[in-house]
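See below for the structure under consideration.
Coordinate-derived values only; no laboratory data. These numbers were taken from a predicted model, which means no experiment stands behind them. Cβ placement follows ideal geometry from the backbone for every residue including glycine, while neighbour counts extend to all protein chains displayed.
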Amino acid sequence: MVLLPRVEINLEKIKHNAKTLKKIYGRKGIDVTGVVKGVAADLKIAAALVECGITSLADSKIANIIKLKRAGIKADLILLRSPGISEVEKTVQYADTSMNTELDVIRALSAEAARQKKKHKIILMVEMGDLREGILLKDAPAMIHEVLKYPDIEIAGIGTNFACFGGVLPTEQKMREFSRFVRAMQELFSLKLPYVSGGNSANYNWVMKTKDAGAVNNIRLGESILLGRETSGGRAIPSLYQDAFCFVAEVIESKIKPSVPYGMIGKNAFGERVSFQDRGNRRRTIVGAGRHDVLVPGLTPVQPFEILGSSSDHIILDTKDAILKPGDEVRFYMNYGAVLTAMTSPYVHKTYVYPDAKTREWYKQQFILSRVAKQEKTGA
Ligand SMILES: *Cc1c(COP(=O)(O)O)cnc(C)c1O
């Protein structure tokens, strides 16, 4: 059966990226946490990462943590964003660890953990200048002092984040400052910290150059595993695959038409005013996918085609000299935004490509096993 539009996911390329990054960071004493929020915690991708020896997986949505837990994925499951007070019950029930910045939330987690007769682990996120989430360094000692009074909360780590909101880079100086701070807290409070988590895919240039990673023993990687890129400058990481994901859509119209709209011009369906260069009559090809399905500007046609624009369910292409006909497939490379939207769109099929039959069988087996485990647990 031909499924369209679809994302083709090459699990072996993702595994190659994960293993290579694990080696690169491992040489500096840093463990990799696999961040799966960009793929809506796709279970086959999660299983592939665990298969590479990755022992912790993180996602920012509690719904995805629940999905991983229920599937029986064997990894420390980390909620990557502070839970809301409204999410505290599910967080304690399903997440092994959560990232936190607010005492009110931690207090609620502690009360809920007591209710569920469980210990809940937290990673305290500190602010290093990017100005998204984080406890200011000056406020951290008082906060740690307070949290240590909560019997059902365990401080499992201190983390920080770069280049997500303010674009602040994890320079050698910033990373040293972070390490100095962590060491001071460790001494002051005798903390054992399995997660001293120094950042994300933007930390690649730092890790390649640094001679001493300091106190950092963990890094949270999403984009560099999935798409082989570092995110401080958006460059491809040599020796990694950038094309583990491919978006495929079907031609639904192909005609020679003028290159400039004709008639009275107002705004388009998205309230945008668009203008076009007159290139005479051109072959215009439409594929049956659009903004419902994928972040269109995040697509790059594999063939030398040009994306002229898109609406909810159409992408209009100038296919140059190629004459496509309805039913033909057009393939696109994807950036992170395109992967994220296609993986969360209910209209896009998720398909997996395997190098051989043996590997396909292995994955199938994993999922039969996890389904059995889930049924045993729920008694279904
Ligand atoms: C998304 C996210 C990451 C992963 O970022 P990448 O750039 O995809 O590696 C790491 N940490 C936090 C807190 C995040 O929100």
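Going by a ≥ b ≥ c, the root eigenvalues of the Cα gyration tensor, does the range 247-347 fall in the rounded group (a/c under 1.5), the prolate group (a/b larger than b/c) or the oblate group?
Working: a/c = 1.92, a/b = 1.25, b/c = 1.53.
It is oblate, given that a/c is not under 1.5 and a/b is not larger than b/c.
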Under 18 Å Cα-Cα from Lys22, which aspartates and glutamates qualify once same-chain neighbours fewer than 8 residues away are excluded? Glu12, Asp31, Glu51, Asp76, Asp212, Glu223, Glu230
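Can you work out the FRET efficiency for the pair Ser311 and Ala63, with r the C-beta to C-beta distance and R0 = 22 Å, to the nearest 0.05? Write down the numbers at each step before the final one.
Values: r = 29 Å, r/R0 = 1.32.
Calculated transfer efficiency: 0.15.
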To the nearest 500 deg cm²/dmol, what mean residue ellipticity at 222 nm is calculated for the chain from DSSP H runs of n ≥ 4 alone, each contributing -39,500 (n - 2.57), summed and divided by the residues? -9500 deg cm²/dmol
Step through the residues of the range 111-116 one at a time and calculate ³J(HN,Hα) from phi using the Karplus curve (6.51 cos²θ - 1.76 cosθ + 1.60, θ = phi - 60°), rounding each to whole Hz and writing x for Gly and Pro. 4, 5, 4, 4, 4, 8
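Among rounded, prolate and oblate, which fits the range 9-227 when a ≥ b ≥ c are the square roots of the eigenvalues of its C-alpha gyration tensor, a/c under 1.5 means rounded, and a/b larger than b/c means prolate?
Working: a/c = 1.81, a/b = 1.09, b/c = 1.66.
It comes out oblate by the Cα gyration axes.
Suppose R0 equals 25 Å; then what is the FRET efficiency for Val353 and Arg235 from their Cβ-Cβ distance, rounded to the nearest 0.05? Show your work: numbers first, answer last.
Numbers: r = 26 Å, r/R0 = 1.03.
After rounding to 0.05, the efficiency reads 0.45.
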Compute the FRET efficiency between Lys117 and Asp328 as 1/(1 + (r/R0)^6), taking r as their Cβ-Cβ distance and R0 = 51 Å, and round to the nearest 0.05. 0.30
Cβ under 12 Å from Arg283's Cβ, Arg283 left aside: what net charge do those residues give with Lys, Arg +1 and Asp, Glu -1? +3
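Taking Cα atoms of the chain, Rg/Rh with Kirkwood Rh, to two decimals?
Numbers: Rg = 23.5 Å, Rh = 22.8 Å.
Over the Cα atoms of the chain, Rg/Rh equals 1.03.
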Stretch gain in nm, segment Thr344-Asp212, where the contour uses 0.36 nm per residue and the Cα spacing is subtracted: 43.6 nm
Comparing Thr341, Thr359, Thr101, which has the greatest mean-square fluctuation in the GNM of the chain with Cα pairs linked when under 10 Å apart? Thr359
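Which chymotrypsin sites (Phe, Trp or Tyr not before Pro) from the range 188-295 combine a DSSP loop assignment with at most 15 other Cβ atoms within 10 Å? Show your work: numbers first, answer last.
Working: sites: Phe189, Tyr195, Tyr204, Trp206, Tyr241, Phe245, Phe247, Tyr262, Phe270, Phe276; in loops: Tyr241, Tyr262, Phe270, Phe276.
Passing sites in the range 188-295 are Tyr262, Phe270, Phe276.
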From the square roots a ≥ b ≥ c of the eigenvalues of the alpha-carbon gyration tensor of the range 1-137, which class results: rounded (a/c under 1.5), prolate (a/b over b/c), or oblate? prolate
Treat every Asp and Glu Cβ in the chain as -1 and every Lys and Arg Cβ as +1, leave all other atoms uncharged, and give the resulting dipole magnitude about the Cα centre to the nearest 20 debye. 580 debye
Search the structure for amide H atoms under 5 Å from the amide H of Asp328, placed 1.01 Å from N in the peptide plane, and list their residues when 5 or more places away or on another chain. Val251
What's the center-to-center distance, using Cα atoms, between the range 307-362 and the range 247-299 in Å? 17 Å
Show which lysines lie in cross-link reach of Lys257 when reach means a straight Cα distance below 18 angstrom and same-chain residues fewer than eight apart are skipped. Lys320, Lys325
What lysines does Lys69 reach when the alpha-carbon gap must be under 19 Å and sequence neighbours fewer than 8 apart in one chain are set aside? Lys37, Lys44, Lys61, Lys90, Lys117, Lys118, Lys119, Lys121, Lys364, Lys374, Lys377
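Note down, for the range 54-103, the three equivalent ellipsoid semi-axes (square root of 5 times each alpha carbon gyration tensor eigenvalue), biggest first, whole angstrom. Don't jump to the answer; show the numbers that get you there.
Values: eigenvalues 63, 26, 12 Å².
Working from the Cα gyration tensor, I get semi-axes of 18, 12, 8 Å.
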If you average the C-alpha positions of the range 151-192 and of the range 1-60 separately, how far apart do those two centres end up, in angstrom? 25 Å
